[in-house]
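What follows is one structure encoded as structure tokens, with my remarks underneath.
The values are calculated or read from the model by the stated rules, or taken from the named source; none is laboratory data. Since we're looking at a predicted model, the values are computed, not measured. No Cβ is skipped: glycine too gets one built from the backbone with ideal geometry, and neighbour counts run over all protein chains shown. Accessible surface is based on the protein model in full, side chains and every heavy atom, while ligands, DNA and RNA are left aside. Shrake-Rupley method; radii C 1.70, N 1.55, O 1.52, S 1.80 Å.
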Amino acid sequence: MRTVDVARRSGYSVQQIRNLERDGVLPPATRSAGGHRDYTDRHVLAARAYRALAAGVGPAEARVIVRAAHRPPPAHLLELLDAAHARLDAERRNLRTAQEAARSISAEPILDVRADDAMTISELAAALGVRSSTLRHWHAEGLVVPDRDATGHNRVYSPDAVRDARITDQLRRAGYRIDTLRTLLPDLRHTGARQALDTRDTALTARSRALLTGAAALGALLDTAS
């Protein structure tokens, strides 16, 4: 095949195919008597694998993975794919936890933040039905951080801090641990948290599908070498 043939079959431009060969993503092409590059189905498979993997794990990692397919034995390639799948699995599990947390606080009007929602520590503790020591613990853990009044001695919880306390209280009652809450709170602090998590879910599904497509192309590439 000519360069343009590989480009058409893989969805790249002619220059991109040359760049991929230069970067070791495609194996070196043989040369005809006239000095023209001669490509085979292996080059098409490698280009397709890279295209899919770049969408799944990013271009830099995709280059490393596809280059490994050109260097037998395949054990290192399989290790790289296993690691990529494991990272996506961890992202998906963390996302599911965040989505469950968003559902847990759906009945709490946490987004109805008003300027007069500022509270002292005793007022907030009474409103939530917790001890003041609990709020101090959440402060120490970086979950709910109050301001200080003009004297610098007394805690004053701003409307945003009150919102964080309400989120934390709801999730603690739902059984979430402190270390998990630290990860979840940034996603749950703003309006549209559920929508943002759903958007991330859609993107993660697309990445998983791309990784599957790339792995299939790599499997076919390995078969051509055997």
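Tell me whether the range 150-160 contains one or more residues that are more than 18 Å from S122 (Cβ to Cβ) and in contact (Cβ under 8 Å) with a residue 60 or more places away in the chain.
no
Any residue at all in the range 142-151 that is of a type in the set (V, I, T) and in a helix (DSSP H, G or I)?
No, the range 142-151 has no match at all.
Give me the pairs: first residue in the range 194-223 and in contact (Cβ under 8 Å) with a residue 40 or more places away in the chain, second residue open to solvent by 50 Å² or more (accessible area, probe 1.4 Å) and hydroxyl-bearing (S, T, Y), beta-carbon distance under 8 Å, and six or more apart or on different chains, which are they?
Within 8 Å, the pairs are R194/S106.
Which condition does A140 not pass, out of (1) aliphatic (A, V, I, L, M); (2) surrounded by fewer than 17 Cβ atoms within 10 Å (Cβ to Cβ); (3) touching a helix residue (DSSP H, G or I) at 6+ places or on another chain (Cβ under 8 Å), if it passes all the others?
With (1) aliphatic (A, V, I, L, M); (2) surrounded by fewer than 17 Cβ atoms within 10 Å (Cβ to Cβ); (3) touching a helix residue (DSSP H, G or I) at 6+ places or on another chain (Cβ under 8 Å) applied to A140, the lone miss is (3).
Per-residue answers, yes or no, for (1) open to solvent by 80 Å² or more (accessible area, probe 1.4 Å); (2) among the aliphatic types (A, V, I, L, M); (3) farther than 24 Å from A55 by Cα:
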| site | (1), (2), (3) |
| --- | --- |
| R177 | yes, no, yes |
| P186 | no, no, yes |
| A196 | no, yes, no |
| D201 | no, no, no |
| R209 | yes, no, no |
| A215 | no, yes, no |
| G219 | no, no, no |
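Keeping to the range 4-23, report how many residues are open to solvent by 20 Å² or more (accessible area, probe 1.4 Å) and farther than 16 Å from R67 by Cβ.
Selection size over the range 4-23: 11.
Report every pair of residues separated by at least 6 positions or lying on different chains whose Cβ atoms are under 8 Å apart, first residue within the range 14-25 and of a type in the set (K, R), second part of a helix (DSSP H, G or I) and crowded, with 17+ Cβ neighbours inside 10 Å.
R18/T3
Pick from A29, A33, A52: which is open to solvent by 10 Å² or more (accessible area, probe 1.4 Å) and closer than 19 Å to A206 by Cα?
Details: A29 fails: closer than 19 Å to A206 by Cα; A33 fails: closer than 19 Å to A206 by Cα.
The match here is A52.
Filter the range 67-91 down to the residues that are closer than 17 Å to A220 by Cα, open to solvent by less than 80 Å² (accessible area, probe 1.4 Å) and not aliphatic (A, V, I, L, M) and list them by number.
R67, H70, P74
For the range 23-57, which residues satisfy the criterion of being in contact with a Phe, Trp or Tyr (Cβ under 9 Å, 6 or more places away or on another chain), more than 29 Å from R209 (Cα to Cα) and among the hydrophobic types (A, V, I, L, M, F, W, C)?
Matches in the range 23-57: A29 only.
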